[in-house]
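In what follows, a single structure is set out as structure tokens and then discussed.
The values are calculated or read from the model by the stated rules, or taken from the named source; none is laboratory data. Everything numeric in this text was worked out from a predicted model, so none of it was measured. Here the Cβ positions follow ideal geometry from the backbone for every residue, glycine too, while neighbour counts run over all protein chains shown. Accessible surface areas use protein heavy atoms only, side chains included; no ligands, DNA or RNA. Shrake-Rupley method; radii C 1.70, N 1.55, O 1.52, S 1.80 Å.
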Amino acid sequence: MIVDSVKKGLLSGLNTTWSLGKVIFPVTLIVTVLQYTPVLPFIINLIAPLMNLIGLPGDAAIPLVLGNFLNLYAAIAGILTLDLTVKEVFIIAMMLSFSHNLLIESGVAMKTGVKLWVILTVRIGLALLSAVVINLVWQGGSEMAQGTAIGEAAEINGTGAILLRGVIQALSGIGQLAVIVIPLMVAVQIMKDLKWLEAFSKTLAPFMKVLGMKPNASMPFVTGLTLGLAYGAGVMIQAAKEDNVSKKDMTIAFIFLVACHAVVEDTLIFIPLGIPVLPLLLIRLLTAIVLTMVVAYIWNRTDRVQRKEAVYEQ
């Protein structure tokens with residue numbers, strides 16, 4: 001049985017990698033190429049005047065643009081080139097925790113059937129709201145953040161060299177995805193066949209119910225929470241096909257996950273900058289729980305009202 005499970009898991013992992021890779025490759029290639037054109041500097045200059053509204057200097061637009069177009073690692077590279085206070089870095093970290101790698105992660109999330117406007121509204125809305133609240137509420141953090149400046153990226157000349165760099169980075173991103181997704185899919189398939197997932201779902205059932213989801217959404221939920229949206233999406237795509245996870249539960253799960261995912265990596269990555277990471281984690285987690293409970297309550301209430309109206313009409 002284990003051999004059959006491994007075969008099914010490998011096939012599922014390869015299919016998922018192919019599906020997600022079709023999103024990752026073009027986005028990574030395009031964004032990498034744009035770094036060597038006037039487009040990204042233009043976007044940064046356009047956003048810079050808005051930074052003061054959320055308590056940030058104009059050049060803070062650099063890590064915000066890099067983080068949202070690329071990933072948190074690119075954003076931190078941008079942060080390390082700037083002179084920022086602990087409060088300013090905390091605001092940037094909080095915003096990017098909610099809203100980073102928008103192009104790829106939004107495209108991946110859409111593969112599960114979640115609407116793009118839902119993803120962008122939640123992620124960008126929470127990022128802006130958190131920045132405004134932190135700027136108004138927190139009066140400390142005036143000391144300079146830790147970290148040392150890093151050197152600029154090596155200059156690349158020529159269209160061919162730029163395209164090659166983009167292709168290499170895109171393939172590298174897909175390779176990193178495959179290294180995690182394929183073994184993960186094999187493990188999920190084995191746990192399914194051994195009935196471990198069924199027991200796991202029952203254990204999480206009370207918490208899933210509080211969040212307004214059914215137990216069969218537990219595996220993709222936990223995967224996204226610990227590993228991130230891209231990998232959670234891979235499991236969720238499979239779960240939607242095999243476990244009949246409803247579109248409603250997928251949307252509610254992703255509303256939670258877009259606010260709080262990859263909690264270990266996305267939190268620990270900011271430790272070298274000298275900011276308080278525990279509040280960073282707790283704010284994300286509490287925001288995700290409250291937001292998800294509110295959305296699930298309104299959705300369920302609306303469904304009940306519609307069912308009652310349908311009964312009355314009959």
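Values as computed for the structure displayed
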| quantity | calculated |
| --- | --- |
| Cα-centre dipole for the chain with unit charges at Cβ (Lys and Arg positive, Asp and Glu negative), debye to 20 | 1140 |
| Sites A187 and N244, calculated FRET efficiency, Cβ-Cβ separation with R0 25 Å, nearest 0.05 | 0.75 |
| Dipole of the chain [Lys/Arg +1, Asp/Glu -1 at C-beta], most positive-end residue of P276, N157, V108 | V108 |
| Nitroxide proxy distance, nm - points 7 Å out along Cα→Cβ at L14 and L120 | 3.6 |
| Helix-only [θ]222 nm of the chain, DSSP H runs n ≥ 4, -39500 (n - 2.57) each, per residue, nearest 500 | -25000 deg cm²/dmol |
| Ranked by how many other beta carbons lie within 10 Å on average, peptides 157-168, 112-123 from highest | 112-123, 157-168 |
| Rounded if a/c under 1.5, otherwise prolate or oblate - the chain, Cα gyration tensor axes | oblate |
| Unit charges on C-beta of K, R, D, E only; dipole of segment 51-177, Debye | 540 |
| Sequence of L10, L84 from largest to smallest accessible area, 1.4 Å probe | L10, L84 |
| Helix 159-193 vs. the chain, principal-axis angle (Cα, 0 to 90°, nearest 10) | 30 |
| Of V186, A205, A131, farthest towards positive along the dipole that unit charges on Lys, Arg, Asp, Glu beta carbons give the chain | A205 |
| Y297/W138 FRET efficiency (R0 30 Å; Cβ-Cβ; nearest 0.05) | 0.50 |
| Relative contact order (percent, whole number), the chain, Cα cutoff 8 Å, 6+ residue spacing | 24 |
